[in-house]
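What follows draws every value from the coordinates through simple rules; no lab data is involved. Source: prediction; values computed, not measured. Here the Cβ is made from the backbone with ideal geometry for all residues, glycine too, and neighbour counts use every protein chain on show.
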Amino acid sequence: MADLSLRIPENVPGPIYVDDTCIYCDLCRETAPTVFHAVREQGWAAVFHQPTTAEELSLVREAIEGCPTESIGSDGDSLPPSVLLNQSLERTSMSMNLKIAAWYLILIAGFGILVTTLHLGPHLAEFEAKSLAYQIGSYCREYTLNAAFLIAGIGILRKFGWARKLGVVLLVISTVYSGASFAWGFSHHRPTPMVLLVSYGIVAAWNGLWIYLLCRNCSPSSLSPFREGLGMNTELDTDTKFEVPPELGKQSPVLDGKRAFWIFSAYFLIQAAFGLVGAITAIIYGNIHGMPAPTLTALLKSGAVLFPFTLVVILFSGAVVFVMVHRSFPGLVRTGVLSPVGWNSSSLRTTLIAGVGGALLACIYHYVATDLFPRSSMQKVGAFTTAVTTTHGWPKMIWAICLLVCPLIEEFLFRGGMLAGFTRSLGTTRAAVIVTTLFVAMHLSETRLYYPAIISITVLALCTLAARQWSNSLIPPICFHTSYNLGIALYAILS
């Protein structure tokens, strides 16, 4: 029988637990993967989700009976609340709003460093006329701020208490510089006081949202992961009566069909919201500068605007998807907690076959389908594809980055989290149909009414799905998708 006094701290509160006699034979995780996960650094398994359905209870009973070391117990409810709280201090994960804010800080730091290094911002005559010392000072300030943002984001993810305070301070400081930079870039010359006022208002409201996320839920329980970083004492007197905070007893959300739908909805709505904000900003910009509608539309569809904007949207929505999926499987990623969604290694042979298959599909589409069924005047390509054929210089590099980043994010979303969630609720066949349909629907803006393109995207979805099921890993689908995109990119560049 399992010993309650040897219960390991990685277990979530509840009756089912694992003690430290576990040798991690992986039998419990294979039997009940929605309840147990691996803590490979310690060499044992732990309960990350208490069973809530009859099916899960049955699988847990099977795991208890089959455990060779009898390390799984079911009397965890008899622990005093103070002990439960003390054990939870080290394994309580930070709230979702902190994770999103941390990834936002990391993304804007990376994007800021990229823009500063490659000189992707607007080229202003006033800045070029300044002295060399002034320009060097400006670049140093940008690099310092972005490096500090990167440190703050990583520090929050590492649960250091000072990192959240640093993030708040940096957001306040950056409001001053970002507001002025936004106004100068918007006007392409010295901005008027009205433009400066509006610019500062927009930037302050945007940064205020992230400051709110960083400062939200400042209760003792939500700050517990940061106590060590703040130098606070985390030891509790077990004889003292404590009331267990509700969030410590809250179960990790199960990745089922309902949650998979919400993850997809968040991914779609974030992109729609960014598109709406971008359109409103463009309309205001056009009205201020008196640009006619056709000229403004051409500007928005140019690669210099479309590609960087698309990259930012993809990275941000992908970070949100990762956080939402990871919330269902708490723990360190390197310990294998995301293996149920395919975050596993794959053989080199399978990966190479997938890569060759993706390139072959791209060749068939371009050199066979488009020759047999040429586009008519009514079957125009999407804005993204059109911009590729009319763009030169650095925007094509951003476009290439988008082609490499998209497969990683889309495969993790569709063939990872969504497939696992819908399979749990509806079965493999129905899940495959839903995931493939939604994947094709998300790409209709580019395929339009050109049927060979729709068929090619559908075949891509089916092949990546087959690679995922065959290898039980996301690496082959990602390689298949990436090589397909590279084939499309190479054809566009050569033509």
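Quick notes on this one:
- Gain in span if fully extended, Tyr367 to Arg334, counting 0.36 nm per residue against the direct Cα distance: 7.7 nm
- Pair Asn472, Ser265: separation of 7 Å Cα→Cβ label points (nm): 3.3 nm
- Computed from the C-alpha gyration tensor, the three semi-axes of the ellipsoid equivalent to the range 286-361 are 40, 22, 7 Å, from longest to shortest.
- Summary of the geometry: the range 424-495 and the range 21-64, compared by the centres of their Cα atoms, lie 33 Å apart.
- Note on Glu65/Val254: beta-carbon distance plugged into 1/(1 + (r/R0)^6) with R0 of 30 Å gives a FRET efficiency of 0.80.
- Cα shape, the range 4-84, gyration tensor, a/c 1.5 rule: oblate
- Efficiency of FRET from Cβ geometry, Ser345 and Thr52, R₀ 30 Å, rounded to 0.05: 0.45
- Label-to-label distance, Val172 versus Ser138, with points set 7 angstrom from Cα along the beta-carbon direction: 2.7 nm.
- Distance between the 7 Å Cα→Cβ label points at Lys165 and Asp75: 4.6 nm.
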